[in-house]
Each structure stands twice: as C-alpha cells, then as structure tokens.
Amino acid sequence: MASTFVLLNILVLLSSLLTCSANLSFNFYAGSCPLAEVLVRNTVRSASSSDPTIPGKLLRLLFHDCFVQGCDASVLIQGNTTERSDPGNASLGGFSVIERAKNAIEVFCPATVSCADIVALAARDAVEAAGGPVVEIPTGRRDGKVSVADDVRPNIIDTDFSLDKMIDAFSSKGLSIQDLVVLSGAHTIGASHCNAFNGRFKQDSKGNLELIDASLDNSYAETLMKQCASSSSLTVSNDPETSSMFDNQYYRNLEARKGLFQTDSALMEDDRTRKLVEDLASDEESFSQRWRESFVKLSMVGVKVGEDGEIRRSCSSVN
Ligand code: HEM
C-alpha cells in the first residue's frame, strides 16, 4: 500500500515536470518571431564588445531574476518598491542591454517575445561572448506581473551563507548541490565591490594585513586589501587570473584558496563539494558540459507559461 502511494506521488511529480517543460520549447519563436534569438545575440555581442563589463552583468541579472519569483523578468520592473529597488539588487546592471534587445524585437514582432526570455537568452549569449560554452535553451517564458522588494532578501544568497544554507537555497529552487558548484563557476567573469568581501581581512595599525577568514590565501588577501584601500565602493575582478574569459579558472582559483567570497571558498572547504571543484578545475570540457545542463535548469526556475503572466510591451513596467 505504502509503495503504491510512493509510486503515485512519483508519477504525479513526473507528469507535473513534463507539463511544465512541455510549455517551454526550443525555438518557441520560430513561427511568431524568427529573428528573436538573432536580435538578442547581436545586441549582446555589440554591447559586450564596446563594454567588457556587460557579460558579467547580464549573467548575474538572470540569477537574481530567477531566484525571486522565478525567471519572469520581475527584476526589471522599475518603481519604489519593486525588486529592482531593493539594496540587494543595487549593484545589478545590464538593464539597458535588455531594453535595447526588446526595442529591436518590438520593431519586427510587437508584443510577442517576453522580457523573461530576453533576460535568459542575453545571459546565455553573454557567456558565449566571453568565450564560454554555447548553450541551447528552451523559450516560451512569460513575464511576471508581481515584483516586490521584500521578496529579494529572503531569496538571494548572501556572501556570509554557510554551505548548508546555500544548498537549502538552491534546493528550494529545484537546483542540486552539483548545480550550486557548477553555477558558482559564473564567478569566472565579472567584478565585485570591495564591500562584498572586505570583511574577510583587515589592515592593522601598522598597515599590515590581518586575515580574518583563514580560508583565504594570504598574498591574495594582501592584493585585495591594496586594491580596496582607497574605497570600499571600488570593484575588483572576480577571477584574478583570466577575468574576462569564461573558463574553468574559477575552480583552480578555489584550489589556490583564491575564492573572492567566503561562499566561494566554502565549496573547497567541504567534503560534499570539494571533489567536484577539483574535477572541474582539471577538466574544462566537463565544466562546459555541466554548465550547459545547470544553466538550462537555472533558466527554467519557476517559469510562467501558458495563460500565466503576460508579454510585456516595455521590460521595465507591467502592461
Ligand atoms: C552561490 C552563491 C552566490 C553568491 C553568494 C553570490 C554573490 C555575489 C556577489 C556579492 C557579487 C558582487 C556584486 C557586486 O559587488 O557588484 C557577485 C557577482 C557576480 N555573480 Fe554571484 N553569487 C552567487 C552565485 C552566482 C550565480 C549562481 C551566478 C550566475 C549563474 C552568479 C553570477 C555572478 C556574476 C557574473 C557576478 C559579476 C557581476 C558583475 O560583473 O557585475 N553568482 N555574486
């Protein structure tokens, strides 16, 4: 009896997963807006070539979109009390690139392509523009109508989180511990503000480094301390070795105790994640393959489909 119950539950879960993914599909816009993906790609490529900080911004934008209300472009809505206005999202960027892509698409196919799909495609193309893996992602997401600042902090991961808390946060979005390790590889590009990590060390009265977080390499901490000396609002590269290249250097940095955040270093400190970090550090192709899988999963977190949500006319406000 108990096993029949378990079997039934598994069948219900499987069928709901299938229904959800059945509503997103590869080339969703093939008939309604065949140029959609090309227009996003061209916009991202040209923005990234004139401003190399763009790929990092677009990739992080997807993460912050998907973890709050699902991947529904709720992060783009402007207003005093929306997600975008929350201090937790203050350092996000790339919004103007999304608007540019949306404007180009609206010329050819008005009110057809969701901002949620544009955010996901732009993040995908940003990784490619930075030399990372080419990923095919399903489309058909619809835009959310709800965007509330108070939803941000409970859903976004802070840099002081323990591994357990990170695993719980990912698991609440249907993402595994492997997805956590692989998607953290996003920190192979982009930059971060000093105040996001400068609590890991301090300068003593003689100007020497005092290490607070022992999981950080001494000489790396010293470099960071110098880079951040004049202001905590400065930014440094997430990856001190190959900062604008989307590669597996992030994992080699972790092995060398050069993770920028405590949450990065934590992946190397714990038995549950260390082995995968080491595998990814030594095998770029394996990172690319796993990235494709985990990225698609991230881009499908809590998506709205069918009659849910809407197709926004402007990405920064609901219709
Ligand atoms: C797992 C826990 C994570 C934590 C605690 C975390 C935290 C942060 C923080 C604090 C910053 C610096 C923001 C700033 O100062 O401007 C940052 C930057 C960044 N994060 Fe994460 N992050 C995490 C996971 C992810 C994931 C899953 C992705 C994407 C898949 C991602 C992509 C990025 C990118 C690309 C940047 C650089 C942004 C830029 O250049 O503007 N992060 N992250």
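Would you check if V296 is under 22 Å from the mean Cα position of the chain (by Cα), among the hydrophobic types (A, V, I, L, M, F, W, C), part of a loop (DSSP other than H, G, I, E, B) and at pLDDT 95 or above? Judged against the criteria, V296 is not a match.
Quick check on segment 280-291. Is at least one of its residues surrounded by fewer than 21 Cβ atoms within 10 Å (Cβ to Cβ) and at pLDDT below 95? No, there is no match, as no residue in segment 280-291 is surrounded by fewer than 21 Cβ atoms within 10 Å (Cβ to Cβ) and at pLDDT below 95. Restricting segment 78-137 to residues that are within 14 Å of the ligand (Cβ to nearest atom), among the polar types (S, T, N, Q) and surrounded by fewer than 18 Cβ atoms within 10 Å (Cβ to Cβ), the residue that is farthest from N23 (Cα to Cα) is S91. Among the residues that make up segment 228-239, is at least one of them more than 10 Å from the ligand (Cβ to nearest atom) and part of a helix (DSSP H, G or I)? No, because not a single residue in segment 228-239 is more than 10 Å from the ligand (Cβ to nearest atom) and part of a helix (DSSP H, G or I). Each residue in segment 195-221 was checked for being under 22 Å from N248 (Cα atoms) and either in contact (Cβ under 8 Å) with a residue 12 or more places away in the chain or within 15 Å of the ligand (Cβ to nearest atom) (or both), and 6 of them qualify. Residues that are within 20 Å of M225 (Cα to Cα) and away from the ligand (no atom under 14 Å from the Cβ) within segment 254-277 comprise A256, R257, K258, listed in sequence order. For R142, are the conditions met, namely being under 16 Å from the mean Cα position of the chain (by Cα) and basic (K, R)? Spelling it out, it is not the case that R142 is under 16 Å from the mean Cα position of the chain (by Cα) and basic (K, R).
In segment 1-104, counting only helices (runs of 4 or more DSSP H) that sit wholly within it, the ones holding 2 or more residues that are modelled with pLDDT of 95 or more span 36-50, 54-66. Among the numbered conditions (1) without any contact (Cβ under 8 Å) to a residue 12 or more places away in the chain; (2) within 16 Å of the ligand (Cβ to nearest atom); (3) not β-branched (V, I, T), the only one that E285 does not meet is (2). Determine whether R290 is basic (K, R), touching a residue at least 60 places away in the same chain (Cβ under 8 Å) and touching an Asp or Glu at 6+ places or on another chain (Cβ under 8 Å). The answer is no for R290. Listed conditions (1) over 19 Å from L92 (Cβ atoms); (2) hydroxyl-bearing (S, T, Y); (3) near the ligand (Cβ under 10 Å from one of its atoms) are all met by S192, apart from (1). Scanning segment 184-215 for residues that are in contact with a Phe, Trp or Tyr (Cβ under 9 Å, 6 or more places away or on another chain) and crowded, with 20+ Cβ neighbours inside 10 Å gives S184, G185, A186, H187, T188, I189, F197, R200. Of all the criteria given as (1) touching a residue at least 60 places away in the same chain (Cβ under 8 Å); (2) part of a loop (DSSP other than H, G, I, E, B); (3) within 13 Å of the ligand (Cβ to nearest atom), the one not satisfied by G306 is (3). Give me the pairs: first residue in segment 234-248 and without any contact (Cβ under 8 Å) to a residue 24 or more places away in the chain, second residue not in a loop (DSSP other than H, G, I, E, B), beta-carbon distance under 6 Å, and six or more apart or on different chains, which are they? Within 6 Å, the pairs are E241/Q249. Scanning segment 125-139 turns up one or more residues that are in contact with a strand residue (DSSP E or B) (Cβ under 6 Å, 6 or more places away or on another chain), in contact (Cβ under 8 Å) with a residue 40 or more places away in the chain and outside the structural domain of W291 (by TED's automatic domain parsing). The one condition from (1) touching a residue at least 12 places away in the same chain (Cβ under 8 Å); (2) small (G, A, S); (3) out of contact with any Asp or Glu (no Cβ under 9 Å at 6 or more places or on another chain) that G144 does not meet is (3). Residue pairs whose Cβ atoms lie under 6 Å apart, sitting 6 or more positions apart in sequence or on different chains, and linking a residue in segment 28-50 that is farther than 15 Å from S96 by Cβ to a partner that is of a type in the set (F, W, Y) and not in a loop (DSSP other than H, G, I, E, B), are L35/F108.
The values are calculated or read from the model by the stated rules, or taken from the named source; none is laboratory data. Everything numeric in this text was worked out from a predicted model, so none of it was measured. Positions of Cβ are generated from backbone atoms using ideal geometry, with glycine treated the same way; all protein chains shown enter the neighbour counts.
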